[in-house]
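Report on the following structure.
The values are calculated or read from the model by the stated rules, or taken from the named source; none is laboratory data. The structure presented is a predicted model; accordingly, all values stated were derived computationally and were not measured. No Cβ is skipped: glycine too gets one built from the backbone with ideal geometry, and neighbour counts run over all protein chains shown. Accessible surface is based on the protein model in full, side chains and every heavy atom, while ligands, DNA and RNA are left aside. Shrake-Rupley method; radii C 1.70, N 1.55, O 1.52, S 1.80 Å.
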Amino acid sequence: MSSSGSSGMTPQEKAKFRRRMQAGLVAVAVELTQLAKVRATQHVNNGTLRNSITHAVQGDGWVYWGVAVSAAPHAVSLELGFKPHWVPVNKISDWMRRNGVGIISVKGNRGRARKFLAAGVFVGGPKSTLDGNGTITAKFGKAGTKSYTLPHRSAFLRPGTVGFSVLRHTVETKGKSVAPAAFLRGFQSAH
């Protein structure tokens with residue numbers, strides 16, 4: 001390196017170093033994206049959350065990684081946790097149709113099957129596959145209030161909530177072990 005100014009690097013050397021640093025950060029973002037998409041697939045509905053995990057490269061050297069909230073607005077609630085709640089059928093009807101949920105078949109007094117459409121779905125209830133944190137208290141209409149603990153616990157959710165952390169879980173469980181090697185690969189491969 002030639003000496004120019006107090007940093008000891010020429011403007012060309014500085015520019016090359018910045019490109020290499022950014023390439024290293026991009027490599028980490030790509031690796032984290034792949035790992036997060038594997039986790040997001042464990043709890044997929046229609047793939048919106050999984051497909052919204054991405055990274056963005058900025059001209060000033062910054063690399064942002066996460067979920068494009070404009071494409072998956074529900075990602076914030078899943079990542080941070082939410083209180084179990086009732087979702088009316090008019091808000092969740094597409095999901096209910098795709099998953100065959102909400103249609104109840106009951107035999108009448110003459111032996112004929114009658115079908116009823118449920119008024120909605122209780123999200124985060126006792127049979128939920130979402131993760132929880134601590135004891136969840138939920139209101140079940142006329143059935144009253146019940147407290148229960150979900151079998152899947154997550155340290156990434158606020159107490160008393162349910163959800164499914166993808167980003168924080170990925171960084172904490174896998175990111176620390178894969179990031180240094182990914183950064184080094186990206187840094188060394190940049191020109």
query = Do the conditions hold for K127, that is, is it closer than 24 Å to L49 by Cβ, assigned to a helix (DSSP H, G or I) and open to solvent by 30 Å² or more (accessible area, probe 1.4 Å)?
reply = no
remark   = Residues of the range 168-188 being out of contact with any Lys or Arg (no Cβ under 9 Å at 6 or more places or on another chain) and touching a residue at least 12 places away in the same chain (Cβ under 8 Å), in sequence order, are R168, V171, E172, G175, V178, A179, A182, F183, L184, R185
ask   = When the range 1-37 is examined, which residues are found to be at pLDDT below 95, of a type in the set (A, V, I, L, M) and either under 30 Å from N99 (Cβ atoms) or open to solvent by 80 Å² or more (accessible area, probe 1.4 Å) (or both)?
value = M1
task = State which residue pairs qualify: first residue over 20 Å from W65 (Cα atoms) and inside the range 43-54, second residue open to solvent by 70 Å² or more (accessible area, probe 1.4 Å) and of a type in the set (D, E, K, R) in any location, beta carbons under 8 Å apart, and separation of 6 or more residues or different chains.
result = N45/R98; N46/R98
query = In this structure, is S77 surrounded by 12 or more Cβ atoms within 10 Å (Cβ to Cβ) and polar (S, T, N, Q)?
reply = yes
request  = Could you tell me which residue of the range 136-173 is least open to solvent (accessible area, probe 1.4 Å), considering only residues that are within 30 Å of Q34 (Cβ to Cβ) and at pLDDT below 75?
outcome  = L150
request  = Just give me the residues in the range 182-191 being in a helix (DSSP H, G or I) and open to solvent by 50 Å² or more (accessible area, probe 1.4 Å), in sequence order.
outcome  = F183, L184, R185, Q188, S189
message = Of the residues G81, G132, G59, only one is modelled with pLDDT of 75 or more and closer than 30 Å to G186 by Cβ; which?
response = G59
ask   = Any idea which of (1) under 23 Å from L184 (Cβ atoms); (2) surrounded by fewer than 13 Cβ atoms within 10 Å (Cβ to Cβ); (3) of a type in the set (S, T, N, Q) is the one N46 doesn't satisfy?
value = (1)
